[in-house]
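Just below is one structure, and these are the notes that go with it.
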């Protein structure tokens, strides 16, 4: 609601996107008009069928991998044994293990050839590094092949539709946290950054939603024109941003935030929250220095549902001399020893220890 400087006219906006002007003295309606101009291209965009956004593959640090010299693969194993994706924002991380003839078992996730098979191959996509994402409702199979051996995982995709609205607690906050927006070095700092403050690591969802929707005349979350929201323009560096670019226009992180803004940028305080996370594999043993181990993080929510959050979680090493981790949560071993690993996601934590055998 706004009042004209002459106190004769009152402007009010409603949930239908229409701005109405009223006579301040008698309350009679003077004029009404849409908050944004609707042209032919806008109507065509609104009528366009919902499409799952494209996703860039998580980047793994280091040189390309190879099997140990003279190694012979005798079998492949995979984790998990089956995949169910129930929302367009979901993903699943595969870990493929190769059993060698000398008794060793190593992570071959980035070495295997991954391909889709079945009648609904368009139901999912496989990204380098073993991340599976939904594309359309249906069932398919992911087949991993290496050195003449193969293993398959059934994939079921459902609920891929635009009417599955993005939720701030479940979807948006994890995206902002992974991008570092609410980190202590960014807007999560005690005094925020450049006049904008978020709660540290998103612990106060109500505060954060108010910061996006109430401050700065709601320019940070523009529900009338989501793509013009500052939280997207800044994140994509379309306007100057000291934190640089953290989203690519149209990628899944961008679309999660955009869909939330377009649905009204609301907070559902009753949304189910994370109660625990599980980090796997448990206490992995890596035989060779320089080898890598993919980690998986599974979140359990208060309603009992589970979700693979590997692409959104953080896995940090407690011994950088022995092993390091990257944004894809792949552990790279550096020397013989042990390195504790701590995973975190939405206030929940899990730990394990990576043992590097090396030469002995």
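Quick check on the exposure proxy: order 95, 132 from fewest to most C-beta atoms within 10 angstrom. Could the numbers behind the result be given before it?
Details: 95 20, 132 23.
Lowest count first: 95, 132.
Take the Cα atoms of the chain, build their convex hull, and give its volume per residue in Å³.
Details: hull volume 58.0 nm³, N = 360.
Looking at the chain, the number lands at 161 Å³ per residue.
At 222 nm, what helix-only mean residue ellipticity would the chain give, in deg cm²/dmol to the nearest 500, using -39500 (n - 2.57) for each DSSP H run of four or more?
Working: 5 runs with 39 residues, N = 360.
Rounded to the nearest 500, it is -3000 deg cm²/dmol.
Quick check on the exposure proxy: order 234, 149, 31 from fewest to most C-beta atoms within 10 angstrom. If you can, show how the numbers build up before the last one.
Numbers: 234 22, 149 16, 31 10.
Placing the least packed residue first, the sequence is 31, 149, 234.
At 0.36 nm per residue, minus the direct Cα-Cα distance, what do residue 32 and residue 158 gain on full extension? Give it in nm, one decimal, please.
Numbers: separation 126, 0.36 × 126 = 45.36 nm, distance 4.14 nm.
Taking residue 32 through residue 158 to full extension adds about 41.2 nm, to one decimal.
When the convex hull of the Cα atoms of the stretch 168-262 is projected onto a plane and the area is averaged over all directions, what value comes out in nm²?
Over every viewing direction, the Cα hull of the stretch 168-262 projects on average to 5.2 nm².
Fewest to most neighbouring Cβ within 10 Å: what's the order for 357, 295?
Values: 357 15, 295 24.
Ascending number of Cβ neighbours within 10 Å: 357, 295.
Could you work out how far the C-alpha centroid of the stretch 290-314 sits from that of the stretch 138-201, in angstrom?
Here the answer is 10 Å between Cα centres.
Taking the Cβ-Cβ separation of residue 81 and residue 266 as r and a Förster radius of 56 Å, what is the calculated FRET efficiency to the nearest 0.05? Walk me through the intermediate numbers first.
On the way: r = 37 Å, r/R0 = 0.67.
According to the calculation, E is roughly 0.90.
Determine the gain in length on full extension of the stretch residue 300-residue 285; use 0.36 nm per residue of separation and subtract their C-alpha separation, reporting nm with one decimal. Walk me through the numbers on the way to the answer.
Values: separation 15, 0.36 × 15 = 5.40 nm, distance 2.59 nm.
Gain on stretching residue 300 to residue 285: 2.8 nm.
For helix 252-262, report the angle its Cα long axis makes with the longest principal axis of the Cα atoms of the chain; keep it between 0 and 90° and round to the nearest 10°.
Helix 252-262 and the main axis of the chain meet at about 20 degrees.
Rounded, prolate or oblate: which fits the stretch 88-175 when a ≥ b ≥ c are the square roots of the eigenvalues of the alpha-carbon gyration tensor, with rounded for a/c under 1.5 and prolate only if a/b beats b/c?
Taking the square roots of the gyration eigenvalues as a ≥ b ≥ c, the stretch 88-175 is oblate.
None of the figures in this text is laboratory data; all of them are computed from the coordinates on show. None of these values were measured; they are calculated from a predicted model. Here the Cβ is made from the backbone with ideal geometry for all residues, glycine too, and neighbour counts use every protein chain on show.
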